[in-house]
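S.K.: Structure provided below as structure tokens; questions to follow.
The values are calculated or read from the model by the stated rules, or taken from the named source; none is laboratory data. This is a predicted model, so every value here is computed, not measured. Note that each Cβ is placed from the backbone with ideal geometry, even for glycine, and that neighbours are counted across all protein chains shown. With ligands, DNA and RNA removed, areas are computed over all heavy atoms of the protein, side chains included. Shrake-Rupley method; radii C 1.70, N 1.55, O 1.52, S 1.80 Å.
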Amino acid sequence: MRALVLKDQLSFDPDYPAPAPAPGEAIVRVTRAGICNTDLELVKGYMGFRGIPGHEFVGVLEETGERVVAEINCVGPGSPSRDWRERSQDPGRDTLGIDRRDGAFAEWVRVPLANLHRVPGAVSDDEAAFVEPLAAACQILEQVPIRPTDRARVLGDGKLGLLCAQVLATTGCDLLALGKHPDKLAILERRGIRTALAADWSGARDADVVVEATGSPAGFDLARRMLRPRGTLVLKSTFAGLTPADLTGVVVDEIAVIGSRCGPFDAALRLLERKQVDVLPLICARYPLEQGLQAFARARAPGALKVLMDISPF
Ligand SMILES: [Zn+2]
């Protein structure tokens with residue numbers, strides 16, 4: 001099959017072996033897949049991954065024609081982890097396109113049946129390609145109850161920041177999204193979400209919750225300084241390498257730091273179905289799988305948002 005393969009570097013392979021299903025697994029024909037910052041980090045050496053990357057995708061079950069998306073944390077059929085929350089932290093898991101399991105930048109991908117979710121008819125393939133990162137944004141509300149009276153800030157106007165801000169907006173809280181790019185913040189403004197340039201931050205340390213989604217180690221410190229004492233700092237960025245951080249400030253202000261990763265697919269699908277979030281303005285370019293290297297170059301370029309790959313013409 002056609003696939004993008006990461007060995008010492010990323011390359012297109014027109015003849016990669018197609019996957020064979022193990023017990024309790026399905027083969028999904030991939031229609032669309034999105035490039036995530038994690039994919040760019042994998043190419044730089046994050047996780048030491050070798051194989052087919054790609055974990056944000058929608059596809060079709062070959063036998064039934066049903067459209068599906070899939071959670072990325074995979075455990076064997078014998079594992080006691082039945083719930084997505086357990087699978088997400090199962091010590092025996094492997095992770096689609098990130099850790100020891102081939103992902104979705106390919107014609108077919110092998111996925112445990114337990115990880116599949118049917119895509120409602122009202123959700124297009126382009127929208128469904130965002131379910132995985134949108135679920136990750138929903139995970140913030142799983143971990144931190146945000147009240148309508150809370151002051152919440154989202155720092156970072158990249159792909160994930162724009163999704164986090166839209167999810168937090170559903171709570172009715174006092175929300176401000178901060179970033180560096182007026183054109184990206186405008187996507188949120190059009191949905192009635194208040195935004196500001198991070199450089200124009202007033203210096204007010206009054207936020208109850210700050211979501212750090214800059215994708216850059218420097219975001220931690222600014223996020224911390226926006227918080228009131230005993231506020232909550234939610235970390236969404238993953239990258240290769242370490243984050244320099246003023247942990248004394250965390251101690252003195254008694255900040256709760258919450259790491260936040262994969263989230264509920266059913267909630268993400270519901271938000272898309274009810275049009276409570278709009279992901280389509282995040283698409284900045286699309287490429288066929290054969291041009292995967294160009295797609296990655298585009299995703300790395302300054303100012304890029306979501307780059308999609310059109311894989312199966314179905
Ligand atoms: Zn991702």
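S.K.: I'd like the carbon and sulfur percentage of the solvent accessible area for region 9-165, probe radius 1.4 Å, heavy atoms only, ligands and nucleic acids excluded. The partial results should precede the final answer.
M.R.: Numbers: 3110 of 6100 Å².
Accessible surface attributable to carbon and sulfur in region 9-165 totals 51 percent.
S.K.: Name all residues of region 178-217 having a backbone nitrogen under 20 Å from the label point set 7 Å from the Cα of Thr171 along its Cα→Cβ direction, giving them as ranges.
M.R.: Answer for this model: 178-179, 188-189, 191-196, 204-215.
S.K.: Specify which residue in the list Phe296, Gly203, Phe239 is farthest towards the positive end of the charge dipole of region 174-314, using unit charges on the beta carbon of Lys, Arg (+1) and Asp, Glu (-1), about the Cα centre.
M.R.: Phe296
S.K.: Can you tell which of Glu273, Glu71, Glu212 shows the greatest fluctuation in a Gaussian network model of the chain with Cα springs below 10 Å?
M.R.: Glu273
S.K.: On to the next question. What whole-number value in Å² describes the accessible area per residue of region 142-237 for a 1.4 Å probe?
M.R.: I get 41 Å² per residue for region 142-237.
S.K.: Show me the ranking of peptides 225-238, 158-171 by mean Cβ neighbours inside 10 Å, starting with the highest.
M.R.: Packing order, densest peptide first, comes out as 158-171, 225-238.
S.K.: For the chain, what does the helix formula give at 222 nm: sum of -39500 (n - 2.57) over DSSP H segments with n ≥ 4, over the residue count, nearest 500 deg cm²/dmol?
M.R.: Taking each H run of at least 4 residues, the total per residue is -7000 deg cm²/dmol.
S.K.: Could you name the aspartates and glutamates in cross-link range of Lys44, using Cα to Cα under 16 Å and dropping any fewer than eight places away on the same chain?
M.R.: Straight-line reach from Lys44, under 16 Å: Asp8, Asp99.
S.K.: Given Cβ point charges of +1 (Lys, Arg) and -1 (Asp, Glu) and nothing else, what value in debye, to the nearest 20, does the dipole of the chain about its Cα centre take?
M.R.: On the way: 38 positive and 41 negative charges, 114 e Å.
Magnitude of the dipole: close to 540 debye.
S.K.: So if I place +1 on the C-beta of Lys and Arg and -1 on the C-beta of Asp and Glu, and nothing else carries charge, what would the dipole magnitude of region 6-132 be about its Cα centre? I want it in debye, nearest 20.
M.R.: Approximately 280 debye in magnitude.
S.K.: So, one more: What residues of region 241-263 lie in the reach of a label at Gln143, counting those whose backbone N is under 11 Å from a point 7 Å from the Cα along Cα→Cβ?
M.R.: Answer for region 241-263: 257-263.
S.K.: Which value in Å does the Kirkwood hydrodynamic radius of the chain take, with 1/r averaged over all unlike C-alpha pairs and then inverted?
M.R.: Numbers: mean 1/r = 0.0504 Å⁻¹.
Computed over the chain, the radius equals 19.9 Å.
S.K.: Taking the Cα centre of region 185-282 as the origin and placing charges on Cβ (Lys, Arg +1; Asp, Glu -1), which of Val251, Leu188, Gly219 is farthest toward the positive end of the dipole?
M.R.: Of the candidates, Leu188 comes out farthest on the positive side.
S.K.: Pairs Lys159/Lys180; Lys7/Lys306; Lys7/Lys236: which exceed 19 Å Cα-Cα?
M.R.: The answer is Lys7/Lys306; Lys7/Lys236.
S.K.: At 0.36 nm per residue, minus the direct Cα-Cα distance, what do Thr64 and Gln9 gain on full extension? Give it in nm, one decimal, please. Working shown, then result.
M.R.: Numbers: separation 55, 0.36 × 55 = 19.80 nm, distance 3.59 nm.
Once the chain is fully extended between Thr64 and Gln9, it gains 16.2 nm.
S.K.: Over region 182-272, what is the mean sequence separation of C-alpha contacts under 8 Å (at least six apart), divided by residue count, expressed as relative contact order in percent?
M.R.: Once normalised by length, the contact order is 23 percent.
S.K.: Next up: Taking Cα pairs under 8 Å and at least six residues apart, what relative contact order does the chain come out at, in percent?
M.R.: 20 percent
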